[in-house]
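These notes concern the structure reproduced below.
The values are calculated or read from the model by the stated rules, or taken from the named source; none is laboratory data. Note that the coordinates shown come from a computational prediction; the quantities given were computed from them, not determined experimentally. Neighbour counts are summed over all protein chains in view; Cβ atoms, including those assigned to glycine, are modelled from backbone coordinates with ideal geometry.
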Amino acid sequence: MAKKKSSSKKSSIRDRMKDRQRKQSEAASTRGGSGRGIFDFSKLEDDREISFYKPPKKGKSTFDIIPFEVTEEYYAKALDPDGTTTDAEVGVVETGMIYAMHFGVGPENKTVLCLAKTFGKPCPICEAAASLSDDEKKALKPKFRGAFSILDKDNEEAGVQIFDHSFFGFAESFNKEVRDLAKDGEEIYPADPEDGMSVKVRWTTKSFPGGEFTSADRIDFVERDEQPGLDIMDQGFPFDKLLKIPTYQEVEKLFLGLDDDDIDSSSDGSDEDDIPVDVGKDKGKKKTTAKKKTKKKQECPEGLEFGVDFDEYNECDDCVVRDDCQAAAPNTDDDKDEPKELVCPEDDGEIGKDFDQYNECEDCDFYDECEEMHKEIKKRKARKGKK
Ligand SMILES: [Zn+2]
C-alpha cells in the first residue's frame with residue numbers, strides 16, 4: 001500500500017494523533033517479555049540499515065519518538081492492551097505499535113505473534129494453554145510489547161532507530177505520564193514531529209534468575225532544541241506494514257513443531273479476513289501433543305513466594321514475572337493501575353534499603369515511601385528468617 005504523503009499542516013498531524021494518543025495512553029496495563037524478529041524489514045521501500053536502540057541499563061537517556069502513519073486497513077481492528085480495537089484507520093498517526101507475543105514457542109523456541117491478544121482472533125497457543133497446568137499456562141502466556149521509531153538525542157548520527165521493548169518496561173509508563181499530564185489539563189503530543197517533546201527516561205535494570213529486565217522508572221518530557229520536522233517520518237518505521245502476521249495454522253505449526261505435511265489446510269480456527277499473512281520459514285520436528293513447552297519453573301526474583309505474594313510488595317510493581325505470578329495467584333484484579341516504581345535519587349542508593357543513609361535523604365521527595373519500603377524490607381527479612 002502506498003504511503004500517504006503527510007500533508008504538511010501541523011494541525012493535521014496533531015489531529016491525526018490526537019484520538020489515538022489519548023486512547024493508547026488510557027489502554028489498561030499489561031506487561032512484557034523480551035525478543036524481536038517480529039517485523040519483516042524486507043517490506044521497507046528503501047534498503048536502509050536497521051538499527052535497534054537499546055536503553056542503558058542504568059542512568060538516563062533522551063530520545064525523540066517519530067510517529068508513523070497507519071497504512072494498513074487491518075490495523076483498525078488490532079487491539080490495544082485493554083482489549084479494545086485501535087480504530088486507527090489508514091491515515092491516522094500513531095506514536096508506536098503495541099502487540100502481543102508468545103515466546104519460546106514449540107520445539108524450536110520460536111517467537112510468534114499472539115493472534116488472540118493482538119487481534120482478538122483464535123490463537124492456537126492460547127487455546128492450548130487453557131487446558132494445561134498452571135505452570136505450563138504461565139509459560140505460554142503472551143507478553144505485550146511496544147515498538148517505536150526513535151531518534152537518540154545522544155547519538156543522532158545513528159539516525160532513526162527501532163526501540164522495541166516490553167510494554168511494561170517503557171510504553172506503559174510513557175502512556176501513564178501522558179495520561180496523567182492530560183488529567184492535569186496539560187495535553188501534550190511528545191511524538192509530534194513539528195511541535196513535540198523529547199522523552200527523557202531514567203532507566204533501571206533488575207536482575208532475576210535467568211536474566212534481567214530494564215525498565216523506565218521515571219519519564220520526563222523536555223523541550224526539544226530543534227523539531228525534527230515532518231520529513232523525519234519518512235525515516236520512521238511503518239510498523240503496521242512490517243508486522244509479521246501468521247495464520248492460525250502457521251502458529252499451530254510452530255507450536256507443535258509440525259512439518260508442512262502435517263498441516264490440514266482445510267482446518268478451521270483461522271479467521272483471516274483482511275489480516276495479511278506472513279510467516280517465517282521453518283522446518284520442524286514431529287510433535288503431536290500441545291504439551292510441548294520448554295520453560296523453567298517460575299520463581300519469584302525477590303525471593304518471595306511465587307503466585308502467593310502477588311502484588312504484596314513494592315518490588316512486585318515492575319517485576320518481570322508479575323504477569324505469571326498474577327496468573328498463578330487466585331482472584332487478582334487484572335486491570336489494576338499500579339503505582340510507579342520509585343528510585344533513589346542517590347546514584348548508588350537503593351529505595352528502602354538505604355533509608356536515611358545520606359545527607360540528602362532528609363529533603364528527598366521519596367522520604368516517606370522509602371521509609372515504608374524500609375519497614376517492608378525489614379518485615380520481609382524477619383519473615384524469611386522464620387521460614
Ligand atoms: Zn496467543
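So that you can scan it fast, the table gives a plain yes or no per residue for (1) within 16 Å of the ligand (Cβ to nearest atom); (2) at pLDDT 90 or above; (3) assigned by TED's automatic domain parsing to the domain that holds L79:
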{"position": "P122", "(1), (2), (3)": "yes, yes, yes"}
{"position": "L132", "(1), (2), (3)": "yes, no, yes"}
{"position": "K141", "(1), (2), (3)": "yes, yes, yes"}
{"position": "F148", "(1), (2), (3)": "no, yes, yes"}
{"position": "A158", "(1), (2), (3)": "no, yes, yes"}
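Is it true that some residue in segment 164-180 is more than 30 Å from M17 (Cβ to Cβ) and within 16 Å of the ligand (Cβ to nearest atom)?
no
State all residues of segment 110-120 that are in a helix (DSSP H, G or I) and either in contact with a helix residue (DSSP H, G or I) (Cβ under 8 Å, 6 or more places away or on another chain) or more than 10 Å from the ligand (Cβ to nearest atom) (or both); if no residue qualifies, say none.
Those that are in a helix (DSSP H, G or I) and either in contact with a helix residue (DSSP H, G or I) (Cβ under 8 Å, 6 or more places away or on another chain) or more than 10 Å from the ligand (Cβ to nearest atom) (or both): L115, A116, K117, F119.
Applying the selection to segment 198-224, what residues are at pLDDT below 90 and touching a Lys or Arg at 6+ places or on another chain (Cβ under 9 Å)?
Listed by number, the residues that qualify are P209, G210, E212, F213.
Of the residues that make up segment 112-132, is at least one among the polar types (S, T, N, Q), in contact with a Gly (Cβ under 7 Å, 6 or more places away or on another chain) and surrounded by fewer than 24 Cβ atoms within 10 Å (Cβ to Cβ)?
Within segment 112-132 (the criterion being among the polar types (S, T, N, Q), in contact with a Gly (Cβ under 7 Å, 6 or more places away or on another chain) and surrounded by fewer than 24 Cβ atoms within 10 Å (Cβ to Cβ)), the answer is no, since none of the residues qualifies.
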